[in-house]
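Right, one structure below, let's go through it.
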Amino acid sequence: MTMDKTHRMLFYMLLCSFFLYPIVCMAGNAEAAGSWQLQIPIAVESDTDAFEFHSADFNGDGCSDLFAIKKKDTGTKRTEVHVLDGKNRFQGFLLQTGTVLGPSDGVFSFAVGDYNRDGALDLYAIKMKDTDSNRTEIHVLDGKTGFRTFLLHAAVPIELSYDIFHFELGDYNADGYPDLFAIKMRKTDSNRTEIHILDGKSNFQKFLLQMPSCLENSYGIFSFALGDYDRDGKIDIYAIKRNHTDSKSTEIHILNGSSNYRNFLLHSRTNLEEAHDNFAFLVNDYNLDGTDDFYAIKIRGTASHRTEVYVLGGVRRKSGPPVLGTLI
């Protein structure tokens, strides 16, 4: 009996899921420093820039799920939300839906959070150029309606931001409202990467912080993610150096939230080659052990010809915060 291409791919993914990559979402599961907790293909095509990825618990089961936001080339002709189940090693979908937003490639960046605190994750669509207001705008899609309606349309006090800012969502001041981290990577007065944080409680009309960081201008070299690396209750910024590294590997440099990002908590190299534009990066607690884990989403050049998910575990030491990779 012969198998066609589709059935061969399904067989390959099933084999990987059950034999090659057996780590699951499980409390207390720790790995050796620099090792991968998970390496697995998922049911998302590769070698495309159509998707943007985010990590959050969509269905409230305690495991971090993977949001794949498809911005173009969709069957619905709309921006689509595809959520892969973290409890099942991202091997099944919890949601696949078109949204109220049209195609968004090249114009929007996205984030996931509970804007109206109703227990459902909402989708933040950050419009970086071609806005009526001539400023960056935030449009929040209501998770409770399957992202079919809007909760907010707001212009924010940031200039048009395409190719200048990177955006992340986190509760900077611990007031229960997600705030918007606008990380300015270039064209800064300080000649450093700058951190601008807009207050979610004010619908992003006021700044909570505007500060040059300890990181040099980062455009084209670094990616960013948020986490609490040292578990002090302050949001730290993961600066992932994708290329031009001394170690010739992807590096993690963590900016300290307690110092308002004026010093580093960690400099570490991973056992991942220089990522360039072949990977997207996220931070979340994959195995529920209380430490930040590092997600590397391989979107190009995969052996499986699918997008692949790699998770590097944060490993506890006898004293001090956990290690991600090898210290440098």
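For this structure, a couple of remarks:
Residues checked against (1) in a strand (DSSP E or B); (2) over 15 Å from LEU38 (Cα atoms); (3) open to solvent by less than 10 Å² (accessible area, probe 1.4 Å); (4) among the small types (Gly, Ala, Ser):
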residue	(1), (2), (3), (4)
LEU265	yes, yes, no, no
ASN271	yes, no, no, no
ALA275	no, yes, yes, yes
PHE281	yes, no, no, no
TYR295	yes, no, yes, no
TYR310	yes, no, no, no
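- Filter pass, PHE167 being touching a residue at least 24 places away in the same chain (Cβ under 8 Å), surrounded by 15 or more Cβ atoms within 10 Å (Cβ to Cβ) and within 19 Å of LEU282 (Cβ to Cβ): yes
So that you can scan it fast, the table gives a plain yes or no per residue for (1) open to solvent by 50 Å² or more (accessible area, probe 1.4 Å); (2) within 15 Å of the chain's Cα centre (by Cα); (3) modelled with pLDDT of 95 or more:
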position: SER104; (1), (2), (3): no, no, yes
position: TYR115; (1), (2), (3): no, no, yes
position: TYR124; (1), (2), (3): no, yes, yes
position: LYS129; (1), (2), (3): yes, no, yes
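- Here TYR295 meets each of (1) touching a strand residue (DSSP E or B) at 6+ places or on another chain (Cβ under 8 Å); (2) under 15 Å from SER46 (Cα atoms) with one exception, condition (2).
- Residue selection: PHE90 fails the criterion of being open to solvent by less than 10 Å² (accessible area, probe 1.4 Å) and under 20 Å from LEU151 (Cα atoms).
- Filtered residue count, region 170-201, keeping only those that are surrounded by 14 or more Cβ atoms within 10 Å (Cβ to Cβ) and either of a type in the set (Lys, Arg) or without any contact (Cβ under 8 Å) to a residue 24 or more places away in the chain (or both): 5
- Of all residues in region 236-251 being farther than 12 Å from THR193 by Cα and touching a Phe, Trp or Tyr at 6+ places or on another chain (Cβ under 6 Å), the one that is most open to solvent (accessible area, probe 1.4 Å): LYS241
- Pairs, first on the phi > 0 side of the Ramachandran plot and touching a residue at least 60 places away in the same chain (Cβ under 8 Å) in region 123-151, second polar (S, T, N, Q) and part of a loop (DSSP other than H, G, I, E, B), C-beta under 7 Å, six or more apart: PHE147/THR99
- Just one of (1) touching a residue at least 40 places away in the same chain (Cβ under 8 Å); (2) open to solvent by 50 Å² or more (accessible area, probe 1.4 Å); (3) closer than 22 Å to ALA120 by Cα fails for TYR162. It is (3).
- Selection from region 207-245 of residues that are free of Cβ contacts under 8 Å to residues at least 40 places away in the same chain, more than 17 Å from TYR295 (Cβ to Cβ) and among the charged types (D, E, K, R): GLU216, ASP232, LYS234
- Residue in region 133-143 that is surrounded by 15 or more Cβ atoms within 10 Å (Cβ to Cβ) and part of a loop (DSSP other than H, G, I, E, B) present: yes
- Considering region 38-52, the residues that are part of a strand (DSSP E or B) and among the β-branched types (Val, Ile, Thr) include one that is nearest to ASP293 (Cα to Cα), namely ILE40.
The values are calculated or read from the model by the stated rules, or taken from the named source; none is laboratory data. These numbers come from a predicted model, not from an experiment. As a convention, Cβ positions derive from the backbone with ideal geometry for all residues, glycine included, and neighbour counts pool all protein chains shown. These area figures cover heavy atoms from the full protein model, side chains too; ligands, DNA and RNA do not enter into them. Shrake-Rupley method; radii C 1.70, N 1.55, O 1.52, S 1.80 Å.
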